1. Hey, can you tell me all the residues within region 1-35 that are more than 8 Å from the ligand (Cβ to nearest atom) and either of a type in the set (A, V, I, L, M, F, W, C) or in contact with a Phe, Trp or Tyr (Cβ under 8 Å, 6 or more places away or on another chain) (or both)?
2. Out of ASP108, ASP83, ASP72, ASP10, I need the residue that is among the charged types (D, E, K, R) and within 21 Å of THR159 (Cα to Cα). Which one?
3. Just checking, does region 125-141 include any residue being open to solvent by 30 Å² or more (accessible area, probe 1.4 Å) and either more than 15 Å from the ligand (Cβ to nearest atom) or closer than 17 Å to LEU176 by Cα (or both)?
4. Go through region 57-84 and count every residue that is closer than 12 Å to ILE6 by Cα, surrounded by 18 or more Cβ atoms within 10 Å (Cβ to Cβ) and more than 10 Å from the ligand (Cβ to nearest atom).
5. How many residues, within region 1-36, are assigned to a helix (DSSP H, G or I) and either closer than 23 Å to ALA76 by Cα or hydrophobic (A, V, I, L, M, F, W, C) (or both)?
6. Against the definition (over 18 Å from the mean Cα position of the chain (by Cα), crowded, with 17+ Cβ neighbours inside 10 Å, more than 9 Å from the ligand (Cβ to nearest atom) and more than 16 Å from LYS127 (Cβ to Cβ)), how does LEU40 come out, yes or no?
7. Given the residues ALA123, ALA128, which is the only one that is touching a helix residue (DSSP H, G or I) at 6+ places or on another chain (Cβ under 7 Å) and among the small types (Gly, Ala, Ser)?
8. Yes or no: ASP168 away from the ligand (no atom under 16 Å from the Cβ) and open to solvent by less than 20 Å² (accessible area, probe 1.4 Å)?
Amino acid sequence: MKIGIIGAGDVGQTLAELWIQAGHTIILSSRHPETLSDVLQPLGSSAKGATVAQAAAEAEILLLAVSYWTVDEAIAHIAPHVDDKIVIDATNPLRYAEEGGTERVIGDQEIAGLVMANKLPNARIVKAFTTLWTGYLKQHAHRQSPQIAMPLAGAKADTSIVADLIQDAGFEPVDLGTLADSRPLDPPSAIWNQVLTADELRARVARTQ
Ligand SMILES: NC(=O)c1ccc[n+]([C@@H]2O[C@H](COP(=O)([O-])OP(=O)(O)OC[C@H]3O[C@@H](n4cnc5c(N)ncnc54)[C@H](OP(=O)(O)O)[C@@H]3O)[C@@H](O)[C@H]2O)c1
């Protein structure tokens, strides 16, 4: 597939590499695409840089991987180009806290996937790749059976497509249901940043319901 990645940082670069290894084509974007040559060079001819709007317009499917405090700016650029397109939302609703660490920037009762669906009502949002630190992605991709689990949530027709991309990246997809069911993908949760097999992940989610 031709995958547009919005945000060329840790998550964007890590998944670009894993998806290129699986045969996909990547359009990598940031607010400063002119600075991406060092990132693009090791990815080879299957990757190119673009503006956010160009990536959104040209790609078949998008990965949103920007810091949450800049997400509205990214959304303003992609919204005109995502009618009926799947947007994989890897963002976490976090900011750096003054006292150190991070804190949630959405209400305790809110679910990040639903917040994103409100921000981008013309897109098909699938929440995925939020729970694992990129160091774990690099360390555990394509691990021998049992593979490490990657939870996702969204509409069934869309999660089946994203599940294939999770497998291509080297993880076992675990579909948790619709966006309304996606709270475990948001921090803090019993599965957030936990390296788990699919059985372990399902058991932890079940214990919290
Ligand atoms: N790091 C992890 O292990 C991890 C794991 C799971 C989920 N996440 C989530 O994934 C998101 C990205 O995390 P990250 O660690 O990859 O961040 P990061 O390393 O700081 O990279 C963010 C990237 O997004 C670009 N960017 C920022 N604002 C943008 C905008 N409005 N439009 C387009 N590009 C923009 C930045 O480049 P410019 O400044 O040049 O635009 C940079 O390339 C966050 O929401 C984070 O919570 C992170």
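The values are calculated or read from the model by the stated rules, or taken from the named source; none is laboratory data. Note that the structure is a prediction, hence the values are computed from the model and not measured. We place every Cβ from the backbone using ideal geometry, glycine too, and count neighbours over all the protein chains shown. Heavy atoms of the whole protein, side chains included, go into the accessibility calculation; ligands, DNA and RNA do not. Shrake-Rupley method; radii C 1.70, N 1.55, O 1.52, S 1.80 Å.
1. MET1, ILE3, ILE5, LEU15, ALA16, LEU18, TRP19, ILE20, ALA22, ILE26, ILE27, LEU28
2. Values: ASP108 fails: within 21 Å of THR159 (Cα to Cα); ASP72 fails: within 21 Å of THR159 (Cα to Cα); ASP10 fails: within 21 Å of THR159 (Cα to Cα).
That would be ASP83, the only listed residue that is among the charged types (D, E, K, R) and within 21 Å of THR159 (Cα to Cα).
3. No, because not a single residue in region 125-141 is open to solvent by 30 Å² or more (accessible area, probe 1.4 Å) and either more than 15 Å from the ligand (Cβ to nearest atom) or closer than 17 Å to LEU176 by Cα (or both).
4. The qualifying residues number 3.
5. 12
6. Working: over 18 Å from the mean Cα position of the chain (by Cα): yes; crowded, with 17+ Cβ neighbours inside 10 Å: yes; more than 9 Å from the ligand (Cβ to nearest atom): yes; more than 16 Å from LYS127 (Cβ to Cβ): yes.
For LEU40, the condition - over 18 Å from the mean Cα position of the chain (by Cα), crowded, with 17+ Cβ neighbours inside 10 Å, more than 9 Å from the ligand (Cβ to nearest atom) and more than 16 Å from LYS127 (Cβ to Cβ) - is met.
7. Testing whether each residue is touching a helix residue (DSSP H, G or I) at 6+ places or on another chain (Cβ under 7 Å) and among the small types (Gly, Ala, Ser) leaves just ALA128.
8. On the way: away from the ligand (no atom under 16 Å from the Cβ): yes; open to solvent by less than 20 Å² (accessible area, probe 1.4 Å): no.
Here the answer is no, as ASP168 does not meet what is asked.
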